[in-house]
1. For segment 36-108 and segment 201-253, compute the distance between their C-alpha centroids and round to whole Å.
2. Take residue 151 and residue 312, extend 7 Å from each Cα along the Cα→Cβ direction, and tell me the distance between the two endpoints in nm.
3. Explain nothing, just compute: Karplus ³J(HN,Hα) = 6.51 cos²θ - 1.76 cosθ + 1.60, θ = phi - 60°, for every residue of segment 164-170 in order, whole Hz, x for Gly and Pro.
4. Tell me, what % of the accessible area of segment 204-333 is carbon and sulfur with a 1.4 angstrom probe?
5. Just to check I understand the Karplus step: with θ = phi - 60° and J = 6.51 cos²θ - 1.76 cosθ + 1.60, what whole-Hz values come out for segment 320-334, glycine and proline as x?
6. What spacing in nm lies between the two simple spin-label points modelled at residue 179 and residue 319, each 7 Å away from Cα in the Cβ direction?
7. Percent of Cα-Cα pairs per 5 Å bin, from 0 to the last occupied bin, for segment 76-227, please list those.
8. Full-extension gain between residue 52 and residue 246, please, as 0.36 nm times their residue separation minus the C-alpha to C-alpha distance.
Amino acid sequence: QMTISYSGSFIRLLLRWKGSIWRSTWKELLFFLIFYYAVRFFYVFGIPMIFEDDEKDMKRFRAKFESLCHMFENFSKQIPLTFLLGFFVSNVVSRWWSQFQTLSWPEDLLSGLCLIMPGNDDRSKKRRHTVARYLNLTSALAWRDISSKIRIRFPHLKSIEAAGLATEKEMEKLEIINQSCPHARWMAPLHWIQHIVMQEVKDNNPMASLVNTFMKDLQTVRASYRKLFSYDWVTVPLPYSQVAALATYAFFFFCLFGRQFVYREKETDRQIDLFIPIFTIVQFLFFVGWLKIGQDLMRPFGTDDDDIELLYIFERNVSTSFAIVHQLQDNPPPLDGSDEDVFWKQAEAGETVTLNTTAIAIHKHAPKLHSYVTVKSEETEEDTAKEGCNLARRSKK
């Protein structure tokens, strides 16, 4: 699955735990409430206990504490938290989605390969199989450097060999390449693919346009891995994240005092003591949950709930790639006319080709043209058309 899949009504969405706002913010909310009630306990019980023998000093100290709470409440209003978090999270989410779109998929490349090597002889099958394996080997070598789950799946190169993605001789060559240039090891299987295609061109001379298309698709695959490395090397600037985190936690530090229930002398300033800071808790879930989303999505290939399941994609690509070069290529459709479909029979009979009426019928909403010009009669067709166009133009204005 890609991150956490969810659907359902409003209540069902709120009651989900995995990947939810409750799971990502409950620790911070617990600490906030502990400190909040500690300050409240100090104001209600601590100050009278400290100044139990001097009521005048107690009132003076309580007045200073209340002034401090009012001051902190005013400070919290001056922090542009919504703007800072909104700008931060929007950039991080855009970066997160761009990284997902950068991932390479084997379908287009291997479908083009089957056009270059369409034969069913052992040599063609072996070459198609090897190209598919090299493509998956490249994914294993490149993605294990950017994904925690792929790294756990393949902790060392021997594990890649044990999985069947490379032979012993190929791993020896990769080690030699890694010693001379560590950053070129993941590109080696893609170069091996080029050698196989060039050998096919030499032996069977496929169409140049098909070979050219395949090479462009191979270049696109190579560029996708390079972009992923670039995203991994260049992260969101640290001050950017620090400003968002500092603004959020400073805001709720001020709320520890500013949102306390204090005695107010004016009747119009008095509030109801709810004992539980409901509005502050809701605000805490909004802002801290917003910040957590941004922090979690900065590294989308980790092990968090909302991270992209790159291991699932890798295993899916492995099975799909070998299915393309084997099952799909070895099982062509019957094109000898022995299996006529219903639509062909309708066309041969001169009937209008329609969908079979035995299908389940549902209510259809056919599209309707809403913009048109009315023509009154054939005699004044030209004048009326001009008039209608003018009316339509004025109506549009």
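1. Centre-to-centre distance over Cα atoms comes out at 37 Å.
2. Using points 7 Å along Cα→Cβ, the separation is 2.2 nm.
3. x, 7, 8, 8, 5, 5, 5
4. The C+S portion of the solvent-accessible surface of segment 204-333 is 63 percent.
5. With the stated coefficients, segment 320-334 comes to 5, 5, 6, 5, 5, 7, 10, 4, 5, 6, 8, 10, x, x, x Hz.
6. For residue 179 paired with residue 319, the spin-label model returns 3.9 nm.
7. Whole-percent P(r) values from 0 Å outward: 2, 8, 15, 17, 16, 13, 10, 6, 4, 3, 3, 2, 1, 1, 0.
8. Working: separation 194, 0.36 × 194 = 69.84 nm, distance 3.85 nm.
Additional length available on full extension: 66.0 nm.
The values are calculated or read from the model by the stated rules, or taken from the named source; none is laboratory data. Treat the numbers as computed from the prediction; the structure is a model and nothing was measured. For neighbour counting, all protein chains shown are included, and Cβ atoms are generated from backbone atoms with ideal geometry for every residue, glycine included. Surface accessibility is based on the protein's heavy atoms, side chains included, excluding ligands, DNA and RNA. Shrake-Rupley method; radii C 1.70, N 1.55, O 1.52, S 1.80 Å.
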